[in-house]
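Working notes, structure below.
The values are calculated or read from the model by the stated rules, or taken from the named source; none is laboratory data. Since this is a predicted model, take the numbers as computed values, not measurements. When we count neighbours, we look across all protein chains shown, and the Cβ atoms used for this are built from the backbone with ideal geometry, even at glycine.
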Amino acid sequence: MNLHSAPQDLPQGRRGKPGRPLGPIAEGTGPAHRAWLEPLRDAIHGRGVTLDELQARTGRDKGHISELLRAVGRYPRWVFVRTVLLALDRPGLPYDSMRLRWVIAAQDIGKRTSWIKDCLHEGGARHRTASASAPLDFRAFQQMHRPHYTSYASAFLRRDGLVEKAVDDVFTLLLMLWHDALASENPERFAWPMLRRTVLERAPKDNGRPSLVESAFDTVALDFAPDPVGQVEESMALFRAVGGLAPMQRDVIVLLHLCGLGETRVADELGVSLASVRSTARHAKRNLHAVLYPDTTTEEEVPGDLDD
């Protein structure tokens with residue numbers, strides 16, 4: 001998946017007797033937010049529903065509804081958007097697509113995975129990750145990928161409790177969006193950005209970049225190094241440089257060299273081709289060499305072909 005690629009299946013609402021024109025959407029509202037807000041506004045206007053009618057149908061304060069429809073104030077919780085959506089009575093907007101667009105916009109403005117998960121649960125999404133009632137294909141996906149998701153999270157978070165909570169939150173959110181994952185081109189590619197975002201939002205930072213410095217003390221090289229202190233310093237420099245790589249380059253290096261996965265397994269986890277993994281690893285190593293040995297590097301830094 002690319003979770004950040006919104007679906008394009010939202011039809012235009014039928015135009016009926018228009019209600020009072022809504023105020024304009026606030027300046028600075030991002031395209032991801034507009035992706036669900038504009039179709040919702042069109043549906044309201046097309047059905048001729050007024051703010052007074054929405055207030056009566058939803059029980060919500062008219063001023064708060066107006067703020068939601070103009071993107072004023074805090075990003076709305078899903079239960080509020082859902083209430084307005086359902087109040088339109090068959091608005092012609094696919095529910096799952098609207099919900100996914102809301103998730104994408106929430107991620108776009110930096111909302112944490114736990115907040116998104118709680119909002120969806122509050123809004124009626126099923127919350128059953130540990131339950132036998134979860135779909136069989138979801139349970140198979142979780143069984144296959146959880147060990148490697150846990151290994152990836154451990155490279156950044158280091159503490160078992162934080163790692164387990166992060167991975168649990170990813171699978172809880174993924175279950176709520178499982179229909180969308182199956183409808184995507186590739187469920188693994190759909191899920192991976194959710195894991196990355198969830199882990200990195202909780203990881204310690206080093207000058208704004210995810211820190212892998214603690215991992216320097218756990219490398220196998222330390223067990224055999226004649227100069228452990230020097231080896232730690234070298235490892236810390238390397239892991240700082242890894243933290244500064246582009247997202248997909250960093251993921252590939254972490255999975256290959258900290259998690260110990262083979263190239264084929266990395267491709268399976270990311271939902272990409274083996275050739276893409278090899279190409280990205282090659283570019284990542286070139287970029288690391290340029291950072292660590294600037295005086296000896298003659299090749300230009302080349303961005304990886306999977307950067308996002």
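Specify the residue that is surrounded by the most Cβ atoms within 10 Å (Cβ to Cβ); the eligible residues are those in region 49-98 that are touching a helix residue (DSSP H, G or I) at 6+ places or on another chain (Cβ under 7 Å) and of a type in the set (K, R).
Residue satisfying both the conditions and the ranking: R77.
Filter region 150-178 down to residues that are in a helix (DSSP H, G or I) and over 21 Å from W115 (Cβ atoms), then give me how many there are.
Within region 150-178, residues that are in a helix (DSSP H, G or I) and over 21 Å from W115 (Cβ atoms) number 6.
Have a look at H257, H289 and point out the one that is within 24 Å of the chain's Cα centre (by Cα) and modelled with pLDDT of 85 or more.
H257
Here is a list of conditions, (1) among the small types (G, A, S); (2) in contact with a His (Cβ under 8 Å, 6 or more places away or on another chain); (3) modelled with pLDDT under 95, and G63 meets all of them except one; can you say which number that is?
Going through the list (1) among the small types (G, A, S); (2) in contact with a His (Cβ under 8 Å, 6 or more places away or on another chain); (3) modelled with pLDDT under 95, G63 breaks only (2).
So which residues in region 205-234 are surrounded by 14 or more Cβ atoms within 10 Å (Cβ to Cβ) and modelled with pLDDT of 65 or more?
D206, R209, P210, S211, L212, E214, E234 - these are the residues of region 205-234 that are surrounded by 14 or more Cβ atoms within 10 Å (Cβ to Cβ) and modelled with pLDDT of 65 or more.
Report every pair of residues separated by at least 6 positions or lying on different chains whose Cβ atoms are under 6 Å apart, first residue within region 164-192 and free of Cβ contacts under 8 Å to residues at least 60 places away in the same chain, second in a helix (DSSP H, G or I) and among the β-branched types (V, I, T).
Sorted first by the residue in region 164-192, then by its partner, the pairs are A166/T198; A166/V199; V167/T150; D169/T113; D169/T198; V170/T198.
Quickly run through region 35-83 and pick out the residues that are free of Cβ contacts under 8 Å to residues at least 12 places away in the same chain, basic (K, R) and assigned to a helix (DSSP H, G or I).
If the condition is that a residue be free of Cβ contacts under 8 Å to residues at least 12 places away in the same chain, basic (K, R) and assigned to a helix (DSSP H, G or I), then K62 is the only one that fits.
Among the listed residues D89, D96, D118, which satisfies the condition of being under 14 Å from A43 (Cα atoms) and either of a type in the set (D, E) or assigned by TED's automatic domain parsing to the domain that holds S184 (or both)?
D89
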